[in-house]
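Asks: Got a structure for you, written out below as C-alpha cells; questions coming shortly.
We did not get these values from a lab; they are worked out from the coordinates using the rules stated. None of the values given here were measured: they were computed from a predicted structure. Reconstructed Cβ throughout: ideal geometry from the backbone, glycine too, with neighbour counts over all protein chains shown.
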Amino acid sequence: MIGFDPVYLLFALPGLLLALYATWKTRSTFHAYADVAPSTGLSGAEAATRMLAARGLRGVHVEPTQGFLTDHYDPGERTLRLSEDVYFGRSLSAVGVACHEAGHAIQHAEGYRPLMWRSALVPVTQIGSSLSWIVLTAGFVMHAVGLVYLGIALFATAVVFALVTLPVEWDASARAKQLMVRAGIVRPHEQPHAGAVLNAAFLTYLAAAVSSILTLIYYLLRAGAFSRSEE
C-alpha cells in the first residue's frame, strides 16, 4: 500500500507540468524585460521605497538578499528583502517585482485579512507538512485507518495555505500595477511590461494550489480504498 502507485502520476503530473511551465514563464518573462529600463530610471529598491512613501508607510526597511527571485516581505521584521537583480536592477522587471513586494507591506499595514490568515497558517503548515508524510506512512504500515486520516488532515493544512496564498499574491500584484503608475514609478505604457513578470509569477502559486489539491484528492481516494480493505 505504501509502494509506488502508477495512479499517483495521474494526479501529480498536471501540477508538475504547470509548475514547470510557470517557472519557465516567470524566468523568461523576467529576463525579457531585465534589459528594458523604466523611463524614470528607478532601481527596484528605489521603486519600492517610492511606492511605500506614496501610501505613507514609514519604518519599512528595504534590503538586498542573495538568490534569484528570492524576493519576499517579512511582516515580523517589517522588511522587504529584494534579490540583488531586483534591488539594484534598473529594469521594468526589477521595478515590477519590487512593487509587488511593496504591495505585501501595504497589505500588512492595512490589515489585509488573507495576509493575516496566511501569516497565522505558516507555523501550522510547517508542522503539518513535516508530520503528514510520517503519519501517513505509519498509518499504512501499521494498518491504522485513523492514522491515515490524521496524516491527510495534517497535509490538508498545506492545501489551505496554498489556497489562501492565491488572493494574497493576486491582490499584491493588483496594488503594484495601480500604484506604480500613480506614484510615478513607471509611465502608463510601461505598466503592462512591468506587470508581465507578476502575471507569470502568479502561475507558480496557482501550480502549487493545483498540485496540493490533486494530491489531497489522491490521498482521500487511497484512504477510502485502504479503509474498505481493512473491513
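Asks: For helix 145-182, report the angle its Cα long axis makes with the longest principal axis of the Cα atoms of the chain; keep it between 0 and 90° and round to the nearest 10°.
Replies: 10
Asks: Report, to the nearest 10°, how far helix 7-32 tilts away from the longest principal axis of the Cα atoms in the chain, using its own Cα long axis and a range of 0 to 90°.
Replies: 10
Asks: How many percent of DSSP beta bridges within the chain run antiparallel, rounded to 5? Walk me through the numbers before you get to the answer.
Replies: Working: 3 of 8 bridges.
Just about 40 percent of them are antiparallel.
Asks: Quote the FRET efficiency, to the nearest 0.05, computed for residue 21 versus residue 68 with a Förster distance R0 of 30 Å and r equal to the Cβ-Cβ distance. The partial results should precede the final answer.
Replies: Numbers: r = 18 Å, r/R0 = 0.60.
Once the sixth-power term is evaluated, E becomes 0.95.
Asks: Shifting gears a bit: On a 0 to 90° scale, report how tilted helix 92-110 is relative to the longest principal axis of the chain, with both axes built from alpha carbons and the result rounded to the nearest 10.
Replies: The answer is roughly 70 degrees.
Asks: Under the Karplus relation 6.51 cos²θ - 1.76 cosθ + 1.60, θ = phi - 60°, what is the ordered set of whole-Hz ³J(HN,Hα) values for region 112-123, x standing for Gly and Pro?
Replies: Coupling constants for region 112-123: 4, 4, x, 5, 5, 5, 4, 4, 5, 7, 3, x Hz.
Asks: I've got another one for you. Scan region 1-74 for chymotrypsin sites (Phe, Trp or Tyr not before Pro) in coil per DSSP, keeping those whose Cβ has at most 14 other Cβ atoms within 10 Å, and list them by number.
Replies: 4, 68
Asks: Let me ask you something else. So what is the calculated 222 nm ellipticity per residue for the chain, using -39500 (n - 2.57) for each DSSP H run with n of 4 or more, over all residues, to the nearest 500 deg cm²/dmol?
Replies: -25500 deg cm²/dmol
Asks: How do 51, 180 rank when sorted from fewest to most other Cβ atoms within 10 Å of their own Cβ?
Replies: On the way: 51 28, 180 32.
Placing the least packed residue first, the sequence is 51, 180.
Asks: Next question. For a quick check: sort 93, 129, 212, 39 by the number of other beta carbons within 10 angstrom, fewest at the front.
Replies: Working: 93 25, 129 15, 212 21, 39 10.
Placing the least packed residue first, the sequence is 39, 129, 212, 93.
Asks: Could you tell me the distance between the Cα centroids of region 95-146 and region 44-80, to the nearest Å?
Replies: Between the Cα centres of region 95-146 and region 44-80 lies a distance of 22 Å.
Asks: For the chain, calculate the relative contact order in percent as a whole number, restricting contacts to Cα pairs under 8 Å that are 6 or more residues apart.
Replies: Relative contact order here is 28 percent.
Asks: Ok, one more. Which GluC sites (Glu not before Pro) in region 21-121 pass both tests, a DSSP loop state and at most 12 other beta-carbon atoms within 10 Å? Numbers along the way, then the final one.
Replies: Numbers: sites: 46, 77, 84, 101, 110; in loops: 77.
Answer by residue number: 77.
Asks: Can you divide the C-alpha Rg of the chain by 2.2 N^0.38 Å and report the result to two decimal places? Could you put the intermediate results ahead of the total?
Replies: On the way: Rg = 20.7 Å, N = 231, 2.2 N^0.38 = 17.4 Å.
Ratio of Cα Rg to 2.2 N^0.38 Å: 1.19.
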